[in-house]
Amino acid sequence: MRVAFAFYGVVVVLAAGIWGWHRLQPADTSWPPKGPVTYKAAAARPEGHLFYPGAKLWGHLGGDEKTSGFGQMSGSAGAILLTDDSSSQVRAWYKEWLLGHNWQLYSSGGGSNGIALTKDQYERGARENFILYVDDPARLAATTGNRPPKANTVFETRYIITPYTGSK
């Protein structure tokens, strides 16, 4: 009994040490970049093409960081996706994935873009944002001029990198 207890104790200590070592590894300091972020750069990141398993792509979203008469626009990448799974399954999957990759849930609630039924917004660091919108298909069709194919859940992902201001 003592040998088994000691063995399991060693296994637990080793597992905790490996987990702790992994968590202490240095972060990728080259991302986000200090210069303008392009759609291509954002889309190349895991969050830029983070699609719910089995979801069907209905359209790409995003663009390059740029300055216009409306101010500075963030670089971003995302998609409009369709699945037969419920919105609660989709939201739970994204929450688990993002929290497991050092994201923090910033806000969760009703949609704010005139199309979405719900909006979950996550942040990582000072400049990275990930937004999950669960859309109303009728409102999406009215906005885009195209009706999405029939699906139980129509949703948007948006990975956004705010412009570098020199402070962080």
Within region 111-168, restricting attention to residues that are out of contact with any Leu (no Cβ under 9 Å at 6 or more places or on another chain), among the hydroxyl-bearing types (Ser, Thr, Tyr) and farther than 17 Å from His60 by Cβ, which residue is surrounded by the fewest Cβ atoms within 10 Å (Cβ to Cβ)? Ser167
What number of residues within region 100-141 are aliphatic (A, V, I, L, M) and in contact with a Gly (Cβ under 9 Å, 6 or more places away or on another chain)? 4
List every residue pair whose Cβ atoms sit under 8 Å apart, with the two residues 6 or more apart in sequence or on different chains, where the first one lies in region 34-58 and is in contact (Cβ under 8 Å) with a residue 24 or more places away in the chain and within 22 Å of Glu96 (Cβ to Cβ) and the second, anywhere, is part of a helix (DSSP H, G or I) and of a type in the set (Phe, Trp, Tyr). Leu50/Tyr94; Leu50/Trp97; Tyr52/Trp93; Tyr52/Tyr94; Pro53/Trp93
Close pairs from region 76-90: first of a type in the set (Gly, Ala, Ser), partner outside any strand (DSSP E or B) and surrounded by 22 or more Cβ atoms within 10 Å (Cβ to Cβ), Cβ under 6 Å, at least 6 apart: Ser76/Ala42; Ala77/Ala42; Ala77/Gly48
Some residue of region 80-87 being surrounded by fewer than 13 Cβ atoms within 10 Å (Cβ to Cβ), within 30 Å of Pro33 (Cβ to Cβ), out of contact with any helix residue (DSSP H, G or I) (no Cβ under 9 Å at 6 or more places or on another chain) and of a type outside the set (A, V, I, L, M): no
For region 59-79, give me the residue count where each residue is surrounded by fewer than 19 Cβ atoms within 10 Å (Cβ to Cβ), hydrophobic (A, V, I, L, M, F, W, C) and at pLDDT 95 or above. 1
State the number of residues belonging to region 83-117 that are modelled with pLDDT of 95 or more, more than 17 Å from Glu47 (Cβ to Cβ) and in contact with a Ser or Thr (Cβ under 7 Å, 6 or more places away or on another chain). 4
Of the residues in region 111-168, those that are in a loop (DSSP other than H, G, I, E, B) and aliphatic (A, V, I, L, M) come to Ile115, Ala126, Ala151
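The values are calculated or read from the model by the stated rules, or taken from the named source; none is laboratory data. All figures in this text were calculated on a predicted structure; none of them were measured in a lab. So basically every Cβ, Gly included, is an ideal-geometry build from the backbone, and we count neighbours across all protein chains shown.
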